[in-house]
1. Against the conditions (1) touching a Leu at 6+ places or on another chain (Cβ under 7 Å); (2) within 21 Å of B:Ser102 (Cα to Cα); (3) touching a residue at least 60 places away in the same chain (Cβ under 8 Å), where does B:Arg199 fall short? Just the number, please.
2. How about the stretch B:240-276: which of its residues are in a loop (DSSP other than H, G, I, E, B), touching a residue at least 60 places away in the same chain (Cβ under 8 Å) and not charged (D, E, K, R)?
3. If I go through the stretch A:59-81 residue by residue, how many of them are within 14 Å of chain B (Cβ to nearest Cβ) and touching a residue at least 24 places away in the same chain (Cβ under 8 Å)?
4. Select from the stretch A:1-35 the residues that are more than 14 Å from chain B (Cβ to nearest Cβ) and more than 24 Å from the chain's Cα centre (by Cα) and list them in ascending order.
5. When A:Gly38 is evaluated against the numbered criteria (1) touching a strand residue (DSSP E or B) at 6+ places or on another chain (Cβ under 9 Å); (2) within 14 Å of chain B (Cβ to nearest Cβ), which criterion, by number, is the only one it fails?
6. When you look at B:Arg692, is it closer than 26 Å to B:Glu526 by Cβ, exposed (fewer than 14 other Cβ atoms within 10 Å of the Cβ) and within 14 Å of chain A (Cβ to nearest Cβ), yes or no?
7. Considering only the stretch B:471-488, state which residues are assigned to a strand (DSSP E or B) and touching a Ser or Thr at 6+ places or on another chain (Cβ under 9 Å).
8. Checking B:Trp637 against (1) at pLDDT below 90; (2) part of a loop (DSSP other than H, G, I, E, B); (3) away from chain A (no Cβ under 14 Å), which single condition isn't satisfied?
Amino acid sequence: MALPLPPGLTPSEMAFLCEMELVTVIPRQRLEGLELLGGPTQPLNPPFPAPLPLWLALLLKRQRRANIRTPPWLRPDSLAAILEFETDTAKEAFSPPPNLPPPTTTSLHVDQTTAYLPATATTLELSPPFLQNSTTSAPPDALPYHWLELSQLLLAAAPDDFEDPDSVRRLLRDLREVRMAKLRKGIEVLDAGAGIKMNGVGGMEIAESRAFIGGVVDGLRYVPSMRSMELWGGGGGGSLCGTE
Amino acid sequence: MAALRGRPAHSPGPTYLAYTPNGKKLITVGLNSALRVFQHGSTNEPTIIDVVTDGHTAVVATNDFIVVGAEDGSVTKYSLLTNSMEEILVRSSLPIRDLSLSKDGEWVAVASDELEVKVVNTRDMTRIMHLREQSRPVKHVAFDISGSMIAVSCTDGIVYMYSLSSEQPQLVKRVDGLIKTLETDAEASAKIAWHPDGRAFAAPTSTKDIQCVARSDWARQKAFTGGHRADISAVAWSPNGALFATAGVDKSLCLWETRSQRLLKTFEDIQNTILAIDWHPTDNVCSYTNSNGELFIREGFVPGEHAKHLRIALQPSPMNSDPLSEVSGNARKPLAKGDKHGGSRGGAEENYLDDLLGPDAMSEDEAGFIEDDDGAGYAEEVNNFGKRSANGIPGRPAKRFEPYSAWQPQVHEAFQPGSTPWRGDRRYLCLNLTGFVWTVSQDTHHTVTVEFHDRQEHRDFHFTDPYKYDKASLNEKGTLFSCRPSIQSQQRAILYYRPHETWTTRTEWKTQLPPGEEVISMSLSESCIVAMTSKGYVRIYSLFGLPLKVYRQKSMPAVACASFRDYVMTIGNGAIGGDGTTQMRYTIDNIRRDESCQNEDAVALPGGTQLRNVFFSDKGDPCIYDTDGVLLILLHWRTPGQAKWVPLLDTKTLDRLASGRKDETYWPVAVANNKFHCIILKGGDAYPHFPRPLLVDFDFKIPVSSMAAGAAEGDEGELAQVKALEESYVRASLQHSLVQDLVENTNATNAQKAEVPMLEREVDKALLQLLAAECREGEERGMKALEIAALMRDRSGKMLEAAGKIAARFQRDILGEKITQLAERRLVGLVDDEDM
């Protein structure tokens, strides 16, 4: 039985994946380290901040056992700077994603005595959610992959931890509209074989526009074939559409 | 009184006046087209300057010229030397409402019914600055004393503060809810009056009071209340700021004393609303003009019994609390400007000064720097200005006293670690990793709130505090408070300890110090309470209030203290160094074993820096943080004479400041988990404030080299990496020796003992990485590489074996051989430490 879902990840699945991102919390009570499937967590010891997966942080926040530190890029001034970059400097392009850290070795528990040696051939490029892009150590000038869903979740669950939640909301909406407009605009240039550069586009934005872009590209694929039909005999286009 | 009859100066209508700064002339302007210049002290008819404008609304004066604004929108400059018009400075399309002149007479600010305020240069009228932030017409403008700031009272009820120190005027602050919303032509006034000491200004409020506001933080300070039943129409500080005259639209005129905000006199004989008041710069004369074209020059304005207020030096503005004197028990009263020869004044005035600044004005008699212990009288009691009084020798020339009072050693002020001064009506008494204690002043009492970071472990509490506790110390076990003695209520200084948890009834206790003794700094540890008092005693109590020890500190006056378990660290001012500043000395004692770990050793601070905070790290090592932003830890302090201060972090070299765009300083909180915990202060703040800022932590970075890590690519980047490795080696060795000290000198736990070999490995790891970097550089660096290998601490030979592997990997065969030799020598016990 076929799954009645469109191909690719749906927005809700994206939001679910986003909950694996690490965020920094300031615990308000002690908690021993937990052995989770995603790896062990640090023991919580107020007032020392600790990185926790977002889902656990939201759970603790709802029970008022922790405060979530907003990542640096989610501050009003950083967002304003990114928005300015998007509108004035970047033109067609999107603001670049955070720099990737240097690749690490695959084995997580490296023998202590050989750790000084240069990395061996088996290296691994990390990707979200294993990048610490939403903790307080994240760069302030780049939107990470899960920026949209993460900020929505934080604004919904922990608005009191923001300096100025209303202006953050406003800036996020502006950013989202600017970037969505760019994505739509990119579709205009789509032609057979053409592409748009999607560097820096967030996961949720892709998930949202996947159906639309996919539809457009699919439609465009038929257009050249329609043209050739017309060249051959004409009038075939209508029947082609009919058979679709 | 001679001049109660008003002088009809102008045709009936709004009239304004201004004294020239030298007090020789008084200028009035009014409805008719003439300006009048009165000579001070003369009853002759005034000089009249006929002008073309009428309906004048404002006048300001320097000794040489006056600037007059009129309803036709012109701002005209007239010379007082020739009594004629010089030039029109600026012309506005709408009526002028107010003028203000900077103290140097260079700039005049013009408020008109137009939206923007123009600031015009009086010499060169082409130089104009525009203040454009306000949304409605402006009623008043007022330059502050320094001329660098201008207060604009707008008709939207907001006071806009502009800074003129830069090329472009900058809006510094909108002070909302202070003044009333008024029409530009209303009789009532919203004019800001800067206090002559420049630290505060007064503004008429909608509640018909006059509110003082501090310039530093825009917090409301004292207020002059209850004098007027209608809106205020004019205010003026006396030239020395000790008195304050206000007038209301209900034809009232009041005279206030600044220090106590007491109403000295209400004048009953006012016929018309007073629109402008000005004090004569030197004499006991105050003049005012009213809405009926009349001028009153009131000689003997201040009644006889209060006239001495006019003769004293510049008085401080009425602040809720003086931040400086509030933190430190032995702060000296800041020397008032213009009182350099205070000692040479007449005896009566000197006495008056003393009782004016009486016991509640931070008397420091008990905390004198020199103890007159043999009664020889070489240490005269200093008065509150920090000078010796001249009561006994009236009339002597001041010169004779200069040698005595010219130089005084600079004493480090005492502070309570973790506390902040008053800002507005609240302050932190203690701020650390356990929680924070803050107090709110409610005039008659304070309310104290204690909040914890760990809400599960401890419950926050809150109480009303009639004693006005001014110091607090908080840890996991309890909270310690202390209050100052009060002369009025005969209250002695109190120490109050409140444990957080008990298994019997709550065992909180209070103890009183002997009369006249005051707590200068105190600290609370897990096993004892330490209080340094103004008499130079160190008093140590158990947690249940049992006095354990009393001894006198060797270096006085005291500065601060800190404690950790049984270790007590006291800091005091020691001998005077070459720069006239005292050298701070610290002593560390173990209370239980009754032995001194360090005795009167120096607190290593370079010249010009002050101590910001002192505390013990979570591992129990003393740390200090200085005003240069350097965090230092004390190494080898358990052995007498071995202690040395080692820098852990220089916050000026932090990566986050490397861009040069951030202007921030750090307020130290604690050292824990091998991190420095602090609060980031932005915009030139010196102390954290409400709402409670977040704690931020930084890793240690010993200032070994100035290379910013990761600054550049390629060769530069590699060099930076080597520098970072070098730093990590020094840091690891420091941590290793700190822990080794701890393990050797105390009953260390197993975990602590296990830490030593672990840190040893850290050191060796840093060395191995350095070795690899050297090997990569080339064969010629072999000597240095061998030196690095010889520094390895590991005695099992495993690390040297790894070093050999590295050498082999980079095909440095000679180096490899040497390392193998070294390993062999070590293995057979030929320890080569001495050879090196």
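The values are calculated or read from the model by the stated rules, or taken from the named source; none is laboratory data. What you see is a predicted model, and the numbers here were worked out from it, not measured in a lab. Neighbour counts are summed over all protein chains in view; Cβ atoms, including those assigned to glycine, are modelled from backbone coordinates with ideal geometry.
1. Every listed condition holds for B:Arg199 apart from (1).
2. Let us first name the residues in the stretch B:240-276 that are in a loop (DSSP other than H, G, I, E, B), namely B:240-242, B:249-251, B:258-261, B:268-273.
After this cut, where a residue has to be touching a residue at least 60 places away in the same chain (Cβ under 8 Å) as well, the list is B:240-242, B:249, B:258-259, B:269, B:271, B:273.
Scanning the stretch B:240-276 gives B:Asn240, B:Gly241, B:Ala242, B:Val249, B:Thr258, B:Gln271, B:Thr273.
3. Quick first cut of the stretch A:59-81, residues within 14 Å of chain B (Cβ to nearest Cβ) only: A:60-61, A:63-72, A:75, A:77-78, A:81.
Going one step further and asking which of them are touching a residue at least 24 places away in the same chain (Cβ under 8 Å), we end up with A:60-61, A:64-72, A:75, A:78, A:81.
Matching residues across the stretch A:59-81 total 14.
4. Taking the stretch A:1-35 first, the residues more than 14 Å from chain B (Cβ to nearest Cβ) are A:1-23, A:33-35.
Those that are more than 14 Å from chain B (Cβ to nearest Cβ) and more than 24 Å from the chain's Cα centre (by Cα): A:Met1, A:Ala2, A:Leu3, A:Pro4, A:Gly33, A:Leu34, A:Glu35.
5. For A:Gly38, the exception is condition (2).
6. Details: closer than 26 Å to B:Glu526 by Cβ: yes; exposed (fewer than 14 other Cβ atoms within 10 Å of the Cβ): yes; within 14 Å of chain A (Cβ to nearest Cβ): yes.
It is true that B:Arg692 is closer than 26 Å to B:Glu526 by Cβ, exposed (fewer than 14 other Cβ atoms within 10 Å of the Cβ) and within 14 Å of chain A (Cβ to nearest Cβ).
7. Quick first cut of the stretch B:471-488, residues assigned to a strand (DSSP E or B) only: B:471-474, B:478-483, B:486.
Correct list: B:Lys471, B:Ala472, B:Ser473, B:Leu474, B:Thr479, B:Leu480, B:Phe481, B:Ser482.
8. The one condition B:Trp637 does not meet is (1).
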